[in-house]
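To start, the structure under review is shown below, and the notes come after it.
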Amino acid sequence: MAEVVKIGCTKCGAVLSVQYAPGIESKNVTCPICKNKGPFSSFRRIEDKPDDSNTQIPDTLTKKMNAGAAIGTLIINGQRYPLHAGRNVIGRQASGNTADIQIPANIATKRMSRQHVVIDVKQLDPSSYQHQISLYKPEVNTTYLNNDKINYGDTLLLLNNFTIKLPDCDVKFVIESTDQTCYDGGTQY
């Protein structure tokens, strides 16, 4: 089985997964996001890093998460989209899209990227989670958290009932059960 490696586009920062094969260094790769084309060796290699969280997740919680338990929910035009622990990529629905949550084409136009924002869900202790939002890549249309513009490189805390204003729709973030506590380092919500 061929090894899958991750490389980063030097132009837009998109992360691409490609199958490694002998001689790939001399092959050309095209970024599906910005169409940047160049030899495989010109793309930066991304090493998988262990989670930077020092929190241990108990086995019972891991089983609960694997059973599909939501840790926060996004509400888009009345439709609920559960988040999962770890990285959640949100974008417009399109063929070949790898986003975890794909907003249907009848809501999202091409003003929204296929991978537009990222919500990282980190467990702080057995009953507390922290939700952080950031832009997926530097070149996306204007996006807001409540009324504050999100700039590329920003990592903003996402709290219960905050609104993410994407180019074509507003997305409401909610914590629907007491098991899904949002935590900002000092105050539980």
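In terms of surrounding Cβ atoms within a 10 Å radius of their Cβ, Val29, Val117, Val4, Val174 rank from fewest to most as Val4, Val174, Val29, Val117. Computed over Cα pairs, the Kirkwood radius of segment 73-112 leads via Stokes-Einstein (1.567 mPa s, 4 °C) to a diffusion coefficient of 121 µm² per second.
Multiplying the residue separation of Thr98 and Ser41 by 0.36 nm and subtracting their alpha-carbon distance yields 18.2 nm. If the chain linking Val18 and Ile75 were pulled fully straight, counting 0.36 nm for each residue of separation and taking away their Cα-Cα distance, it would gain 17.3 nm.
Calculate, in nm to one decimal, what Lys172 and Asn106 gain on full extension: separation in residues at 0.36 nm each, minus their alpha carbon distance.
Gain in length upon complete extension: 22.0 nm.
Modelled spin-label separation between Arg87 and Asn160, with each label point placed 7 Å from Cα along the Cα-to-Cβ direction: 2.9 nm. When peptides 161-169, 147-155 are sorted by average Cβ neighbour count within 10 Å, with the highest value leading, the order is 161-169, 147-155. For the set Lys37/Lys172; Lys27/Lys137; Lys6/Lys122, the pairs lying more than 29 angstrom apart at their alpha carbons are Lys37/Lys172.
Rounded to the nearest Hz, the phi-derived 3J(HN,Hα) couplings of segment 166-174 under the Karplus curve 6.51 cos²θ - 1.76 cosθ + 1.60 (θ = phi - 60°) are 8, x, 10, 7, 9, 10, 9, 9, 9, where x marks glycine and proline.
Sorting check: for 84-91, 39-46, which peptide has the highest mean count of neighbouring beta carbons within 10 Å, and how do the rest follow? Mind showing how you got there, number by number?
Working: 84-91: 19.2, 39-46: 14.0.
Ranking the peptides 84-91, 39-46 by packing returns 84-91, 39-46.
Taken together, the values in this text are just the output of simple stated rules run on the coordinates, not laboratory data. If you're wondering where the values come from, they're calculated on a predicted model, not measured in any experiment. As a convention, Cβ positions derive from the backbone with ideal geometry for all residues, glycine included, and neighbour counts pool all protein chains shown.
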